[in-house]
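Below is one structure, written out as structure tokens, with a few remarks after it.
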């Protein structure tokens, strides 16, 4: 989070930008792909090295933030003028802002004074944005979103969940926060423009299960970290920001707005879609791992009946591997012969029932045309949590797929 451009917005990441640059240099790739690009780590790293890249992101809000990072090649002067105009207009509009219809989540997260100024910035953005270029819009939108956490007095969990009952000691005034953020972005734009003339990245709001928009047989190297099958709700990670912009009004809106487009990796997703286990297990795409997957899902179905939460982990796991099987088929279509795929991933054990994620991924990759796979363990997981619900030692690492 200290690296130029990458630090503009904090989003859940599976790897560091420095490591991405090391891999890009080691493999001498000409075109790289991240099918779960998030806010653009791989594409920004590729830009720094002058390498063409594709990034695919199905989360519509995160896709917009990624476009902000990839607009680093916009005129520095134009961005500076836009920020100045935004702040000046917001100051003019501040006293006209009413907070009568503010969503409850937003009320809990901000003081009245900070909220007045944030909504003034929002109103100024909406008024000025039609006159700006696409890149300036991307940059300013990202800048405003980047200060929403710093200007809130509530805490944020490790993976961006908002904790309204946990107060922070340090809260920044919105105008000061915007000034600091824009100064950071201007400095980083200059840094990147000293490295490369323009962004060579193509960011697609698409689906990893199809990779629509990525040409056949075009990719030398894939670097990615898909959602883990650990019941984290990726749709909820930007709920604060999306609520601020009026894109969702409550937690319940997240499914229609975001979650339905994502890889199924949470029990909320599986339950909301009312998935059927038999239908999922009869998906021909999971045939290479069907026997083992069926045994795990059936065990989860029995175990959940003994649990108070009765979470639909059996459906989540089945849907997760069905989705990822389609991703491996799509990767085979776009990857050149002899290409390398590196997936940062961890295994899973919902309700203490182990799913050997990296091995099943490897078997799916072989079934869909790749030649070989090996797993490089990085670290153990689930060793520090005092409230963990099982004794299975999980791990995380890099799955290297060749061919």
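Taken together, the values in this text are just the output of simple stated rules run on the coordinates, not laboratory data. Every value quoted in this text rests on a predicted model; they were computed, and no experiment measured them. Cβ sites come from the backbone with ideal geometry, for glycine too, and all protein chains shown count toward neighbours.
Here are the numbers for this structure:
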read-out	value
Highest-fluctuation residue, 149, 332, 379 considered, GNM on the chain with Cα pairs under 10 Å	379
Sorted peptide list for 99-108, 61-70, criterion being average Cβ within 10 angstrom, highest first	61-70, 99-108
Dimensionless Rg ratio for region 165-281, taking C-alpha atoms and the 2.2 N^0.38 Å reference	1.46
Of all DSSP beta bridges in the chain, antiparallel share, percent nearest 5	55 percent
Identified option (computed Rg and Dmax of the Cα atoms in Å; candidates (i) 20.3, 69; (ii) 26.2, 95; (iii) 22.0, 65)	(iii)
Semi-axes of the equivalent ellipsoid for region 1-67, Cα gyration tensor, largest first, Å	19, 14, 9
Descending Cα extents along the principal axes, region 122-182, whole Å	40, 23, 18
Length gained when the stretch residue 166-residue 10 is fully extended (0.36 nm per residue, less Cα-Cα span)	54.2 nm
Listed peptides 131-143, 21-33, 260-272 by packing density, highest first (mean Cβ within 10 Å)	260-272, 131-143, 21-33
Peptides 203-210, 318-325 ordered by average Cβ neighbours within 10 Å, highest first	318-325, 203-210
Cα centroid of region 194-218 to Cα centroid of region 322-359, whole Å	20 Å
Projected area averaged over orientations for region 71-197, convex hull of C-alpha atoms, nm²	8.7 nm²
Percentage, to the nearest whole number, of Cα pairs in region 203-351 over 25 Å apart	36 percent
